[in-house]
Structures are given as C-alpha cells and as structure tokens.
1. Where the convex hull is taken over the Cα atoms of segment 168-246, what is its projected area averaged over directions, in nm²?
2. How would Lys427, Lys356, Lys440, Lys368 line up by accessible area, probe 1.4 Å, largest first?
3. With every protein chain in place, what's the accessible area of Asp407 (1.4 Å probe, Å², nearest 10)?
4. Of the DSSP beta bridges with both residues in the chain, give the percent that are antiparallel, rounding to the nearest 5.
5. Report, in whole Å, the centroid distance computed from the Cα atoms of segment 58-106 and segment 357-382.
6. Output the Cα-based Rg and Dmax of segment 276-332 in Å, rounding Rg to one decimal and Dmax to a whole number.
7. Tell me the relative contact order for segment 229-349 as a rounded percent, counting alpha carbon contacts under 8 Å between residues six or more apart.
8. When the convex hull of the C-alpha atoms of segment 261-400 is computed, what volume per residue in Å³ does it have?
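The values are calculated or read from the model by the stated rules, or taken from the named source; none is laboratory data. All figures in this text were calculated on a predicted structure; none of them were measured in a lab. Glycine also receives a Cβ, built like all others from the backbone with ideal geometry; neighbour counts cover every protein chain displayed. With ligands, DNA and RNA removed, areas are computed over all heavy atoms of the protein, side chains included. Shrake-Rupley method; radii C 1.70, N 1.55, O 1.52, S 1.80 Å.
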Amino acid sequence: MRLSLAALALGLSAAPLWANEVSTFTLDNGLELVVIEDHRAPVVTQMVWYRIGAADEAPGHSGIAHFFEHLMFQGTDDLAPGEFSATVEAQGGNDNAFTSYDYTAYFQRVATDRLDLMMQMEADRMRDLTLSEEDVATERQVIVEERGQRTDSDPGALLNEQMAAAQFMNHPYGRPVIGWMHEIKALTREDALAFYRANYAPNNAIVVVAGDVTPDQALKLAETHYGPLEPSADIAPRLRPTEPPQLGERRIVLQDERVSEPYVIRSYLAAERNPGDQRKAAALTLLAEVLGGNPTTSVLARDLQFKRGVATWSAAFYDGTTVDPDTFGVYVMPVPGVSLADAEAALDEVIAGFLKDGVDPDELARIKMQVRAATIYGRDSAEGLAQVYGQALAVGLTVKDVQDWPDILQSVTEDEIMAAAAEVFDKRRAVTGWLQAPAKAEEATE
C-alpha cells in the first residue's frame, strides 16, 4: 500500500518525539547524571562528557585537550595501559572517544549487566590516571603522526584550518582542535598532568546513561562509583575572548599540487543555540537546509548544478551546538572548465536572488517534514539519544532545550528564515577560501 504525502505528514506530526523517559540527577560532588530509558534491547550506552575542549586550552598549549583524550586510555593504579578498551572488548562491547572545541567525550556500549564495570573503570580514570614519561612521549608521537596524516596531507583540511584562523582573530575557535604542530611537539608530562588535575573531575562532567536501565539503578551505580570522587577547585570559568568587529571580507587562496577538484568555500560568523533562546539558530538550521541541504532539490543545487550547469556539487552547512558564535557555510565545486572566480560569482548571484525572492513555502513545508522525520528516526537509538543530550548539555543547553528544539524548528516562519539570511550573509563577516592546484607554467605566462 502506498501512503500519500498528506498521510505521511499526518503520521509524522502525531509521532511522539520524546517517547523515552529522561531523568536527571546531580551528585554531591557536582557530577551530573542523565538517564534515558530504552528497554527494547538488553544493552546500554554510557557517555562521559567533560566540559573541556580545544577552545578552553591555555595559549601555547593548542591540542592538549585532544592529546589528553588519547592519554586517558593509559593506565591507572588498577588498569594497565590499553586495558580499558581491551576490557570493554572482552565484554562484547565497544568504546571510543572524541574531542571538539567545547567538550571531550568518552563512551562505551555494552550489555546492561556490564554497566557496573563500565562506571567503575570510568570513575577510576577520572581522578586516578597514571602517566609515565614514556606514555606521554608515545602518545605525543601518535598525535604528531595523526596530524600529518589527517591534516598536513589533506589540502582541504589545511584550507579549513587557515580559514578558521582568519575567521577568528581573537577567539580560540581559530586554532585547530588537533593543535598546531610546533605546539603539539612541545607538550610535556607536566602540562598533561596539570590539565588533567584541573579539568577531569566530577564537577566538570556529565554522565549520560541510555538504554535498558532504570533511573534508580543508574543513580545507585553512579553514587557507588562516581560519588566518592573529589571535585576540582581549579576549573576555570569559560570566559573566552570575544571577536572584535570584523570590518572587511577575508580571503584565503590555497594552492596545492595535490588538488584535483578545486572549490570555493565561504564561512560567515553566525549565532549559536542558547538556553531558552534557540529561534535564531533554528532559522539558520532551516536556512542551511533550504539553500544546500539536499544535493538535488536545494536552492544551490537546482540553480548551480542543474540550471546553470556550472557546478558538480554545492552545499550549505550550519551547526549551532556550540558555546560561542560559530559559522554558517556555503560551498561550490565547479565543473571542469569553469574558473573559481566564475563559480564564486554564480554563487553570489544565487544568494542575492534568494534574498530577493524568499523561501518557497511548499519547499519549506517539505523540508520541515523531512527534518521531523530525521529527528524521529535519528533518535530511535539509545546511542543517538545519549549523543544529542550529552552534546547539548556540554555546551550549556538544558534538557528542556533539547526537547523543545524539534518543535521550535517546526514553528520557524519564512520571515524568520529570511531575517536570519539577511543578517548572516554579510561579506564583511565572511572568509572566502579558494582551493586549487598551482597554475601550470604555460598558463602562468599567458
């Protein structure tokens, strides 16, 4: 049986976005616990989010947050180096970690009856990590090689890094999460231990437990394992420097002989999601979807790829789940034979036309339905829910903000989207990047 679009929309509008029960607790030592019940399978995900990321690093110590993510898999008094992940694997589970500008997170997915062990091990390394000079030297070399492989060998990553540095002259979002190579090489055991003792503590952590567990069970385990840990008195408030007014467009041209597909990318300063004040971020989220969220039906794709035939790919992107204002971006990869100058000019024409013509109401309704469906399906797993709540709480949002977000997206109007577009598309607050191969000798002399 084939459902009509109207029937599908009616079904999605009736679907509960938050069928899972969410409970929150704060232990005496400041640790926050979030429990999300999902009893469909006997598995559970534990995520520990620390409110410390690359943007919180001291000047001259870029990369230490990411460096310490690696060091957390070294030993404690009870666990040998590497034993943490080996134990998770032996229990039939999986684990990993990641670092951003605003947080560092660690997670395990295991059978429910292994949650006790996971909390025991996480609590152990939260305050009882042991680091030898050899451990630090080994992991520092791993980071050096990672930067070489993922950044220095990738022209696109190098362009992104240079653009961020140009976009943020004063704010720490302008330095790379992995760190600058010369500063990575200078990180010491003393730097790592000072960073750890100050920031890895229960009063700087959010533990999210999602899956086949009750709030009472999770709270009892958290009190047993995390409850006895001493809080840190050295956690610095997140008083980051702000950007001065940006007075003119900034441009980066990166030429690299490894580039086979040149492109133009532009980032604009843009507002973030704030507690109790998410409407502008929601408008920017939908603006990105309208302009470049779909590779075939978005405004940029229809015009640049199919109408004009000047691009093989185009996109727009935005994620406001950050502590401070970040960026809204647009991107176009021209077809062979079309210069980057012509591709950029076409991109600017499409943006100008959109600002003049506005949002197509039918297209917006379709996108809102797709966004709602993606929200429902994307949060159909315990891991997805743990990720959504943990990330939001780590940047200062609340459980209510997370739960209000889907309805705010649905209620955003065409006028709000166009107001957000008029504000964000200001070249004086933009960085435009060109990635291209160097001109051939014969071309350079023409």
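1. 8.7 nm²
2. Lys356, Lys440, Lys427, Lys368
3. Answer for Asp407: close to 90 Å² accessible.
4. 80 percent
5. The two parts, judged by their Cα centres, are 35 Å apart.
6. Both quantities, over Cα of segment 276-332: 12.8, 43 Å.
7. 27 percent
8. Residue-normalised Cα hull volume stands at 128 Å³.
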